[in-house]
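This report concerns only the one structure given below.
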Amino acid sequence: MSSTFASKPPEEIAPGVNWIGAFDPDLRTFDLILKTANGTTYNAYAIQGAEGVAIIDTVKEAFAEQFFARLEAVTTYDAITAVVLNHLELDHAGALPELMRRAPQAHIYVSQRGLKLLQATLKDELANYHYTLTDDGDTLDLGGRTVKFVLTPYLHWPETKCSFLVEDRILFSCDVFGAHFCDERLYNDLVGDFRFSFEYYFKHIMRPFKKWVLQAMDKIEPLAPLMIAPSHGPILRERPMDYVKSYRTLSGSHLPNELSAREKSLLIFYMSAYGATADMARSVYEGASSIEGVRVSLYDLQGGEVEPFVDLIEGADGMIFGSPTINGDAVKPIWDLLASLVAIDTRGKIGAAFGSFGWSGEAVPMIEDRLRGLKMRVPEKGKRIKFHPTEQELDDCRQYGQAIAELLAGKARPKVIDFAEL
Amino acid sequence: MAKGKLTFADIDVSVNVPAGTRVIEVSEKVGAGIIYGCREGDCGTCLMKVEEGMENLSEPTVLEDKVLKENMAGKDMRCACQAQIIGEGEVKIKPA
């Protein structure tokens, strides 16, 4: 099957605009985290202008042979005047070092935040080439054809941008609107059913950046592209704006919001082996629930699956995790949930941890470290109790829950503390 | 030992800190909103706005200066993983 893919000629997607990418039909796992049932494509493009040729992105290094063969079928290396890099992950910039060796006169266009990655990709060879750091709205004139750069930070890296071919209204969107789907018919109106792949890709790549996606759609919608040419999967030439709309929909909440605008949501998750951590959880819950303006929910992780909880956490303002310490660690369901939060944006949410222990109680600080790693705020030191809590200790748990809820509700009082107390 | 006062304006918490303390050593412990990435002055994730007392922070190193420029940071901004409180003055900061 692979051989027929490899021999497919370049595809002229518009007059003088060619797809020169590569097919990877045998890929089943992308970047260790994404599944694909029929491989992927690394899409690159060549735009012919009156005064030169621009190459838009390259391909993964292992597929450079396909890329160069297609490139050579539509132009010569001498004719290349510009290399536009929308994103510098290795599946798009993998063939860049070799392309620049073959076309050293070409001028590289990369966003300002992409410079470090460009340096890391080309190493000392960068000194041999010319490059321009592009800002939002900057243009590249190819002679009768204009490429306008549209910065789309965090879709899905800080440096990512799209490039818009103004006269033809083609948006080269790189990973935005991409899908891991390999079909040599290339166009969305011809390929097999890729709807699942499109949504799956969004969920795993773009979902943590929903806020940024919405900002990017604000820039893309007025361009009203007639065609969207992403770097993975089908080229969207039929109803391209439907896919823009779809990104807006996918960036909304998974669940209808039950909370009023003034209410904060606090979720408490726990696991308990002997009931001690469960007792703590109920007291933390009682304390937090006493604060007006905070809606508190309590969940025993033994009774739930990870994915729905991830959806809940995405919409919540704060989370408290309770775990006993077993073999010097938090228990696996807690880690499974915390590991899954990489798919959503947790920045700035409030986090906390508590738990009962018998000997050393490592679970609580380990959870707190993970929450900080997720860029959450951990304002109160975790609550640890040896074996079953006393009435006094349960009261401490209530106060702990209350303190977290007060912070969420904006009712925390100003504090002056000494470094030694931290 | 000389102590400075570091105030996190976003959460209204002040900490009395020994001279030489980096902001990163304090901000996570009090739950302030500054977010960290590489933690070594390379990525610019932890940019913070210095509302008061810029003169009571250590001068940016060559590396931090480069990162600030790359991120088009204003004159009142620093990297929280790099900036140290010097002397006994007050510094008031918030996330950028």
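The values are calculated or read from the model by the stated rules, or taken from the named source; none is laboratory data. Treat the numbers as computed from the prediction; the structure is a model and nothing was measured. Methodologically, a virtual Cβ is constructed for each residue, glycine included, from the backbone with ideal geometry; neighbour enumeration extends over all protein chains shown. To get the accessible areas, we keep the full protein, side chains included, count just its heavy atoms, and leave off ligands, DNA and RNA. Shrake-Rupley method; radii C 1.70, N 1.55, O 1.52, S 1.80 Å.
A few comments on the model shown:
- Karplus-derived HN-Hα couplings along the stretch A:352-358 (A = 6.51, B = -1.76, C = 1.60, θ = phi - 60°), whole Hz, x at Gly and Pro: 7, 8, 8, x, 8, 8, x
- For A:Tyr45, net neighbour charge (Lys/Arg +1, Asp/Glu -1) across residues whose Cβ lies under 11 Å away: -2
- Cross-link reach is defined here as a Cα-Cα straight distance under 22 Å, omitting same-chain residues fewer than 8 places apart; for A:Lys35 the lysines meeting it are A:Lys60, A:Lys203, A:Lys210.
- The stretch A:118-189 and the stretch A:1-35: distance between their alpha carbon centers, rounded to Å: 18 Å
- Scattering from the protein assembly as shown was approximated by placing one identical point on each alpha carbon and applying the Debye formula without solvent; log10 I(q)/I(0) at 0.09, 0.10 1/Å stands at -0.76, -0.89.
- Total charge dipole magnitude, the stretch B:4-95, about the Cα centre, Cβ charges on Lys, Arg, Asp, Glu only, Debye to nearest 20: 120 debye
- Charge tally for A:Ser272 (other residues, Cβ to Cβ under 13 Å; Lys, Arg +1; Asp, Glu -1): -1.
- Taking every alpha-carbon pair under 8 Å whose residues sit at least 6 apart, chain A reaches a relative contact order of 11 percent.
- Of the residues A:Gln215, A:Pro234, A:Asn38, the one whose Cα sits farthest toward the positive end of the charge dipole of the stretch A:3-250, with +1 on the Cβ of Lys and Arg and -1 on the Cβ of Asp and Glu, is A:Gln215.
- Shielding by other protein chains, B:32-42, mean Cβ within 10 Å: 2
- Of the residues B:Gly53, B:Thr7, B:Ile35, the one whose Cα sits farthest towards the positive end of the charge dipole of the stretch B:4-95 is B:Ile35 (charges of +1 on Lys and Arg Cβ, -1 on Asp and Glu Cβ, taken about the Cα centre).
- Under the convention that each Lys and Arg Cβ holds +1 and each Asp and Glu Cβ holds -1, the size of the dipole of the stretch A:215-313 around its Cα centre is about 420 debye.
- Per residue value of the accessible surface for the protein assembly as shown (all protein chains in place, 1.4 Å probe), Å²: 44 Å²
- Contour excess over end-to-end distance, with Cα ends at A:Ser297 and A:Ile417 and 0.36 nm allotted per residue: 40.1 nm
- Put simply, when A:114-127, B:7-20, A:393-406 are sorted by average Cβ atoms within 10 angstrom per residue, most first, you get A:393-406, B:7-20, A:114-127.
- Per-residue HN-Hα couplings for the stretch B:71-77 [Karplus 6.51, -1.76, 1.60; θ = phi - 60°; Hz; x = Gly/Pro]: 9, 6, 6, x, 5, 9, 10
- Annotation for B:Met54 and A:Ala339: the two label points, set 7 Å from Cα along the Cα-Cβ direction, are 4.6 nm apart.
- Using the Cα coordinates of the stretch B:4-95, the gyration tensor eigenvalues translate into equivalent-ellipsoid semi-axes of 19, 14, 12 Å, sorted from longest to shortest.
- Chain B and chain A together bury an accessible surface of about 1900 square angstrom, both sides counted, with a 1.4 Å probe and no ligands or nucleic acids included.
- Angle in degrees between helix A:64-74 and the longest Cα principal axis of chain A, rounded to the nearest 10: 40 degrees
- Averaged over A:374-381, number of beta-carbon atoms from partner chains that fall within 10 Å: 4
- Candidates A:Phe63, A:Phe196, A:Phe177, ranked by Gaussian network fluctuation over chain A, Cα under 10 Å, top entry: A:Phe196
- Relative contact order for the stretch A:264-421, counting Cα pairs under 8 Å that sit 6 or more residues apart, in percent: 30 percent
- Share, in percent, of DSSP beta bridges within chain A that are antiparallel, nearest 5: 45 percent
- The charge dipole of the stretch A:3-250, taken about its Cα centre with unit charges on the Cβ of Lys, Arg, Asp and Glu (plus for the first two, minus for the last two), comes to roughly 720 debye.
- When the Cα positions of A:Ala353, A:Ala120, A:Leu394 are compared along the charge dipole of chain A, A:Leu394 comes out farthest toward the positive end, with charges on each C-beta of Lys, Arg, Asp and Glu.
- Average projection area in nm² (convex hull over Cα atoms of the stretch A:33-120, one quarter of hull surface): 6.6 nm²
- Residue mean of other protein chain beta carbons inside 10 Å, B:43-52: 1
- Set A:Lys349/B:Lys29; A:Lys375/B:Lys49; A:Lys264/B:Lys49; A:Lys411/B:Lys75; B:Lys5/B:Lys94; B:Lys3/B:Lys66 screened for pairs whose C-alpha atoms are more than 23 Å apart: A:Lys264/B:Lys49; A:Lys411/B:Lys75; B:Lys3/B:Lys66
- With K and R counted +1 and D and E -1, the other residues having a Cβ less than 10 Å from that of B:Cys81 yield a net charge of -1.
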